[in-house]
Amino acid sequence: MKERVVPSLAEPIGTLWRNLQTQKTQEGLFYVASPLSSTPLPIYEWIINHAHEFPNWNKVRFVLMDEQLEEEKPPFVYVPLSNPASYEGFARKNLLDPLQAKTGSAIEVVKPDATNIEDFDAEIDLLILAIGVRGNYANVMPGTSESTGWHAAYLLPEFNQYHESQSYAGSHFREYGMSLGPQQVLKAKNVVVIASGERKKELVKQLKSYDHFDPEFPISIIYHPKIKNRVEVYLTPDVL
């Protein structure tokens, strides 16, 4: 595992994304999954501003690694794109639609069928994770076992309240969400963890206290022996 302290997340993560996209689209499709919160917004802005430096946007697939579910039990359906709580709506507004306006290429969103989440599979070439309020990533809540793949998760009230007051201010979060699981992290070809902002200080401190995977702090999956050599952690000075 490599840890880097950088002045800003934007250029180093954007450059890594560009290099992997250049490499992968020479061979086929490039599958990327990235957080839908305030943390990666500077990265998205950099990518949009440098979109002309990235090749083959038509070969990029955006894997929606989590989303809000409208129902509380199967059969599940996703919240509408127009709903303020929609993660996909956030992705389209802050990344995908501006990229299409710049490049003329509509990036396909890849996600599970909400009625059959567990059977979904997608190769992820670049998986970017942000540290959530209880050490979660995506909708992976504390206590999620290593064997878990794509799933419907019960979202802790603390998680919902945090997002409703931050990245999704004014929205109403549901009790359940779709998410990838630890199995998708372990299978990803490149994993990047990002953290920025003083409010993430304690979370970064907690993450650094681990040397193994503890399901109660989900993002500690990056210490799993199956993945730790493919993980890079990018921190800005204000989290240290």
Report task. Would you mind calculating the gained length between His224 and Tyr210 on full extension (0.36 nm times residue separation, minus the Cα-Cα distance), in nm to one decimal? Result -> 4.0 nm
Report task. Have a look at the DSSP beta bridges in the chain and tell me what percent are antiparallel, nearest 5. Result -> 30
Report task. Using the Cα centre as the reference, give the magnitude of the dipole from point charges on the C-beta atoms of the chain (Lys, Arg: +1; Asp, Glu: -1; all else neutral), rounded to the nearest 20 debye. Result -> 720
Query raised in the report: Can you give the longest stretch of the chain with no exposed loop site, where a site means GluC sites (Glu not before Pro) in a DSSP loop (not H, G, I, E or B) with at most 13 other C-beta atoms within 10 Å?
Result: 73-215
**Report entry** Within-10-Å neighbourhood charge of Leu127 [Cβ basis; K, R +1; D, E -1]
**Finding:** +2
Query raised in the report: Expressed in nm to one decimal, what extension gain is obtained for the pair Glu175 and Leu29 from 0.36 nm per residue of sequence separation less their Cα-Cα distance?
Result: 49.2 nm
Report task. Hey, could you get me the Stokes-Einstein D for the range 109-240, Kirkwood radius over alpha-carbon pairs, 25 °C and 0.890 mPa s, rounded to whole µm² s⁻¹? Result -> 160
**Report entry** Under 5 Å, built H, 5+ apart or other chain: amide partners of Leu129
**Finding:** Val192, Val193, Ile194
Requested in this report: Using Cα pairs closer than 8 Å and at least 6 residues apart in sequence, work out the relative contact order for the range 187-240, in percent.
Outcome: 54
**Report entry** the chain - percent of accessible surface contributed by carbon and sulfur, probe 1.4 Å
**Finding:** 47
Query raised in the report: What Kirkwood radius, in Å to one decimal, follows from the Cα pairs of the chain?
Result: 17.9
Query raised in the report: Taking Cα pairs under 8 Å and at least six residues apart, what relative contact order does the range 58-104 come out at, in percent?
Result: 24
**Report entry** Other-chain or far-sequence residues with amide H under 5 Å of Phe30's (modelled H)
**Finding:** Val60, Arg61
**Report entry** Debye equation applied to the C-alpha atoms of the range 80-173, log10 I(q)/I(0) at 0.23 Å⁻¹
**Finding:** -1.49
Report summary line: Going through Lys111/Lys205; Lys187/Lys208; Lys93/Lys228; Lys93/Lys205; Lys201/Lys228; Lys73/Lys205 one by one, the pairs whose alpha carbons sit over 25 Å apart turn out to be Lys111/Lys205; Lys93/Lys228; Lys93/Lys205; Lys73/Lys205
Report summary line: Dipole check, the range 20-173, charges on Cβ (K,R +1; D,E -1), about Cα centroid: among Tyr31, Ile48, Phe62 the Cα furthest to the positive pole belongs to Ile48
Report summary line: The extension gain from Glu3 to Ala106, computed as 0.36 nm times the residue separation minus the Cα-Cα distance, is 33.7 nm
Requested in this report: Mind jotting down the distance between the C-alpha centroids of the range 223-240 and the range 2-46, whole Å?
Outcome: 15
Query raised in the report: Which whole-number percent gives the relative contact order of the range 1-154, counting Cα pairs below 8 Å spaced six or more residues apart?
Result: 25
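The values are calculated or read from the model by the stated rules, or taken from the named source; none is laboratory data. This structure is a prediction, so every number in the text was calculated from the model and none was measured. We place every Cβ from the backbone using ideal geometry, glycine too, and count neighbours over all the protein chains shown. The protein model used for the area step is the full one, side chains on, heavy atoms only, and it has no ligands, DNA or RNA in it. Shrake-Rupley method; radii C 1.70, N 1.55, O 1.52, S 1.80 Å.
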